[in-house]
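Comments concern the structure below.
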Amino acid sequence: METTFDPTSVELRWRQRWEELGIGHAGVTSTRPTYVIALPPPNITGALHMGHACGFSIQDTLVRQKRMAGFEVEWCPGTDHAAIATQNVIERQLADEGTTKEALGRAAFQTRVDAWYEEYGGRIYEQMRRLGYTCDWARSRFTLDPEYVRAIRVAFKAFFDEGLIYRGPRIVNWCPRDQSAISDEEIEWQEHRDTLYYLRYPVDGGGDIVVATVRPETMLGDTGVAVSPGDARYAGLVGRTVTLPLSGRQVPIVADAAVKPEFGTGALKVTPGHDPTDYEIGSRHNLEIISVIAADGTMNVPSLPQFDGLPADDAREAVVQALRAQGVVVRAEEYVHDVGHCDRCGHVLEPLVSEQWWVRMHELAQPGIAVVESGEVTFHPRRYRDVYLTWMRNIRDWCISRQIWLGHAIPVSRCGNGHTFAWIDEPTSCAECGDTTLTNDPDVLDTWFSSALWPFAIFGWPEQTEDLQHFYPTDVLVTGRDIIFLWVARMIMTGLKFTDSKPFSTVMITSIIQAADGSRMSKSKGNVVDPLVMVDRYGADAVRAWAAAVGTGSQDVRFDADRIDAYRKFANKVWNVTRLLASRIGDGEVMRTPRTPDRSELQAEDRWMLVELAQLVAGVDESFTTYRFHEAMNRLYDTTWHSYCDWYVELAKLRLGGAVDDVSRNAAAWTALTALDVILRLLHPFMPFLTEECAQHLPDAAPTLQQRDWPSADVRWSDETSLRAHEEVGWLIELVERIRALQQARSTGGERARVSVVVSGELRELPLDRAAVLVSERARAQLVEAHTNGTKADVVSAGGLRAHVVVQAASGGSDRAHERKRMAELEQLIARSTAQLSQAGFVKQAPPDVVEGVRRRLADAQAEAALLRTSLEATP
């Protein structure tokens, strides 16, 4: 075996091996229980980002574990056509070529899109393979596949025929750049520093009312002024009218609960055509809707030619100047607020009233609420259940139309006689009157409409295919909290509507990966981390282990490459212990199969390791059940590195080297090999390349660990004798660590202090003489029967074990001087760690393993300080 683990030399080979063995492909004729995940479809033209690496790695961890547990696993991959994103890319290309999509024409534009998909489509699959994902690539789906298009049309027509889809004017988020409506959930909110203007409107009959606004240009479309009910300042004005400056239009003053008395003056100018809140107020009070901003973001006020045609931002300054000239502006002040931007192109969104296609959501939401309230669909972490239910209980109709060229055409036609109808196969005549003069709707569907059908459409719905019957409903959805409303809720509603079944039983919400400074990762900021760069630098296993460690532990995680590097070092630790055992109980390449020992042949440290192993299996199983993979990864890391490598293998090293009788050597070899085998199988779903390569050095290695059974906790090691041995070896380890702490305190530079110990105690399973030898070996201390009379000894104890320890400072220096220096260092460490743990934000937001590390360092420092304090107090 090589001296270090080299990921680049093994990853390609194992990816090819898994595909040759058909790992990932599921059969519909299998009699094994099914376990199904539908991969959240990334953009077909996209590239992996750290969010993908986190969520997809967790999914592959799930499916690998379930295959080993005996399930027929289907992890169905697919990609999304990403309509707006792809259209923006191609439009930028056309602009660079000096042309536009309009000049190109729809047919030629579609040809250009198809060529783009052909060139770049599916590249994300190759990136996914780099991380070792075992999807069922043969069942890969694309949201523009003909079968998928048909499923969308079937769903649309069903909604349309039931009256659940309608067309009408409502206020929408409009992107002037994309010339399309954008859903509420696709808005990127950015902080803006604007000016809040206070404007005086004259009240008819005398007096005035002052309103505050950051958008004075929209006052050209005001149709009312609203105040909070019961606001004493305006009690006498409700029901009267004001005359608007510039336009001279009279509008009413109304009372409405949506007004916040504490904002501005407590009086709100109402522009129903250009603000969602104002639209709702206008609906309640029957206010006129006047649109003064056009779809391209310019002013549409022909009656006021000085403003007509100006971009809205330019019109703002022009309107303010005109209002100042009339003495309307009372004052202006800086105002910081969030403004909605299109999350695809970044342009500021413009609320405006537009004719769109909508889905009535209230009826569809009720079953979706019921399955979550009843526990048929669960969320992990549980807090997202409340997030989902709150949104569903206050759901609004869904705008499903988009005014772009790319995407699924809305399957609706209108004939020359005025009949409007939905269709599945494109018609040549009106279904109602036979008229052949048909006009197809020009809009396309919101991408999330097609995605809402994903869990069942990928398996052939509406046809009752074998795949649909065998693999639907799915089991788990792994996704981010940012698309609970956009996608999760809608899949639940459509699944219940069209299949009479929930689409999945569990929704697992992963952490959001932030930049190192806590900001959002974005290309514009230049802080995006490419997971493939991390793979090249640290190996795919390290990236995957990092994903498990951070993906389920908290809401947001700041990216830290050092944590990935820690798992690279962990991989080397596992590799090195495998290499050691291959040399001690094998020929350097493959280990021999030891004889299974009688229980009486096992030493106390063997039983300790076997109990540790059983506890590890139980703990990892619990973490899988509760979807807390950070806990599983932490357990695997700690048990493998510390319990197995640092303690068991070191305690058993002399026995493995043949310095004892064959019976003892065999027991150590069997225990070491049993533990390594279980650890590799437990670790495999998280770090598949490393574990596969290490497992090939075990006796009678399987072609892949995916064909091995998932370990079960061995109940043989839960008996009283084994548990007592586990306890006593635990005392030994604690004793050694405390002796080492004393030694460290009195060491200087690179020279180690000399230690001698007398070990005593009351043990049952671990012979005292053997305990003394192990303490001497692991603490690098001289074992003596008694200390010289008059020699001062520190008494160190752990459970039923005690040690009288004499430490002679290195270099002949003063013990007390070294102790006092070390004590000062420990006090500083204790103060820092205590302060850190007292910060609620750190404990709540930092990764659990980081918090645990601080707690462990604090406990170790406190234990060492207590020993030193006793020593210093005993001798002046």
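The values are calculated or read from the model by the stated rules, or taken from the named source; none is laboratory data. All figures in this text were calculated on a predicted structure; none of them were measured in a lab. A quick note on method: Cβ atoms are made from the backbone with ideal geometry, for glycine too, and the neighbour counts reach across all protein chains shown. With ligands, DNA and RNA removed, areas are computed over all heavy atoms of the protein, side chains included. Shrake-Rupley method; radii C 1.70, N 1.55, O 1.52, S 1.80 Å.
For region 274-289, the count of residues that are in a helix (DSSP H, G or I) and either more than 26 Å from Ile182 (Cβ to Cβ) or touching a helix residue (DSSP H, G or I) at 6+ places or on another chain (Cβ under 6 Å) (or both) is nonzero.
Here's a check for you: in region 397-417, which residue that is open to solvent by less than 30 Å² (accessible area, probe 1.4 Å) and of a type in the set (Gly, Ala, Ser) is nearest to Asn173 (Cα to Cα)? Selected residue: Ser401. Could you go through region 764-772 and let me know if any residue there is of a type in the set (Lys, Arg), open to solvent by less than 40 Å² (accessible area, probe 1.4 Å) and in a loop (DSSP other than H, G, I, E, B). There is no residue in region 764-772 that is of a type in the set (Lys, Arg), open to solvent by less than 40 Å² (accessible area, probe 1.4 Å) and in a loop (DSSP other than H, G, I, E, B).
If you go through region 418-438 and keep only what is closer than 27 Å to Asp178 by Cβ and either modelled with pLDDT under 95 or open to solvent by 90 Å² or more (accessible area, probe 1.4 Å) (or both), you end up with just Glu426. Here Trp405 clears all of (1) in contact with a His (Cβ under 8 Å, 6 or more places away or on another chain); (2) at pLDDT below 95 except the condition numbered (1).
Counting only helices (runs of 4 or more DSSP H) that sit wholly inside region 307-396, those with at least 2 residues that are open to solvent by 40 Å² or more (accessible area, probe 1.4 Å) and within 20 Å of Phe504 (Cα to Cα) are 362-373, 383-393. Across region 93-138, the number of residues qualifying as among the hydroxyl-bearing types (Ser, Thr, Tyr) and either farther than 30 Å from Asp536 by Cβ or without any contact (Cβ under 8 Å) to a residue 24 or more places away in the chain (or both) comes to 3. Residues of region 397-424 that are part of a loop (DSSP other than H, G, I, E, B) and without any contact (Cβ under 8 Å) to a residue 40 or more places away in the chain: Gly416, Asn417, Gly418, His419. The sole residue among Val444, Val488, Val478 that is touching a His at 6+ places or on another chain (Cβ under 9 Å) and at negative phi is Val444.
Among residues of region 112-156 being of a type in the set (Phe, Trp, Tyr) and assigned to a helix (DSSP H, G or I), the one that is farthest from Leu21 (Cα to Cα) is Phe156.
Kindly indicate the residue of region 191-217 that is in a strand (DSSP E or B) and of a type in the set (Lys, Arg) and also least open to solvent (accessible area, probe 1.4 Å) among those meeting that condition. Among those residues, the one meeting the criterion is Arg200.
Within region 518-538, the set of residues being at pLDDT 85 or above, open to solvent by 40 Å² or more (accessible area, probe 1.4 Å) and not aliphatic (A, V, I, L, M) comprises Asp530, Asp536, Arg537. Once region 9-18 is narrowed to residues that are more than 14 Å from Ala702 (Cα to Cα) and in contact (Cβ under 8 Å) with a residue 60 or more places away in the chain, the residue that is most open to solvent (accessible area, probe 1.4 Å) is Arg15. Among the residues of region 487-517 satisfying the criterion of being within 20 Å of Asp446 (Cα to Cα) and of a type in the set (Phe, Trp, Tyr), which is most open to solvent (accessible area, probe 1.4 Å)? Only one residue fits best here, namely Phe498. Within region 448-478, can you find the residues that are open to solvent by 10 Å² or more (accessible area, probe 1.4 Å) and within 24 Å of Tyr627 (Cβ to Cβ)? Within region 448-478, Tyr472, Pro473, Asp475 qualify.
One line per residue, one yes/no per condition, for (1) open to solvent by 10 Å² or more (accessible area, probe 1.4 Å); (2) outside any helix (DSSP H, G or I); (3) over 18 Å from Trp717 (Cβ atoms):
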residue: Val611; (1), (2), (3): no, no, no
residue: Ala618; (1), (2), (3): yes, no, no
residue: Asp621; (1), (2), (3): yes, no, no
residue: Asp638; (1), (2), (3): yes, no, yes
residue: Trp670; (1), (2), (3): yes, no, no
residue: Arg681; (1), (2), (3): yes, no, no
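With the condition kept exactly as written, say whether any residue in region 9-29 is at pLDDT 95 or above, acidic (Asp, Glu) and touching a Gly at 6+ places or on another chain (Cβ under 8 Å). Within region 9-29 (the criterion being at pLDDT 95 or above, acidic (Asp, Glu) and touching a Gly at 6+ places or on another chain (Cβ under 8 Å)), the answer is yes, since at least one residue qualifies. Being open to solvent by 10 Å² or more (accessible area, probe 1.4 Å) and of a type in the set (A, V, I, L, M) is a description that applies to Ile84. For region 547-562, check the following and say yes or no: at least one residue is of a type in the set (Gly, Ala, Ser), over 30 Å from Arg383 (Cα atoms), assigned to a helix (DSSP H, G or I) and out of contact with any strand residue (DSSP E or B) (no Cβ under 8 Å at 6 or more places or on another chain). The answer is no, given that none of the residues of region 547-562 is of a type in the set (Gly, Ala, Ser), over 30 Å from Arg383 (Cα atoms), assigned to a helix (DSSP H, G or I) and out of contact with any strand residue (DSSP E or B) (no Cβ under 8 Å at 6 or more places or on another chain).
Listed here are the residues, each with its yes/no results for (1) open to solvent by less than 70 Å² (accessible area, probe 1.4 Å); (2) out of contact with any helix residue (DSSP H, G or I) (no Cβ under 6 Å at 6 or more places or on another chain); (3) touching a residue at least 60 places away in the same chain (Cβ under 8 Å).
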position	(1), (2), (3)
Arg563	yes, no, yes
Lys573	yes, no, yes
Val577	yes, no, yes
Leu580	yes, yes, yes
Arg584	no, no, yes
Gly588	yes, no, yes
Pro594	yes, no, yes
Ser600	no, yes, no
Asp606	yes, no, yes
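Residue count for region 87-105 under the criterion of being open to solvent by 50 Å² or more (accessible area, probe 1.4 Å) and farther than 22 Å from Asn43 by Cα: the result is 8.
In this structure, does Ile37 turn out to be under 29 Å from Gly526 (Cβ atoms) and in contact with an Asp or Glu (Cβ under 7 Å, 6 or more places away or on another chain)? No: the conditions fail for Ile37. Residue check: is Val660 open to solvent by less than 40 Å² (accessible area, probe 1.4 Å) and among the hydrophobic types (A, V, I, L, M, F, W, C)? For Val660, the condition - open to solvent by less than 40 Å² (accessible area, probe 1.4 Å) and among the hydrophobic types (A, V, I, L, M, F, W, C) - is not met.
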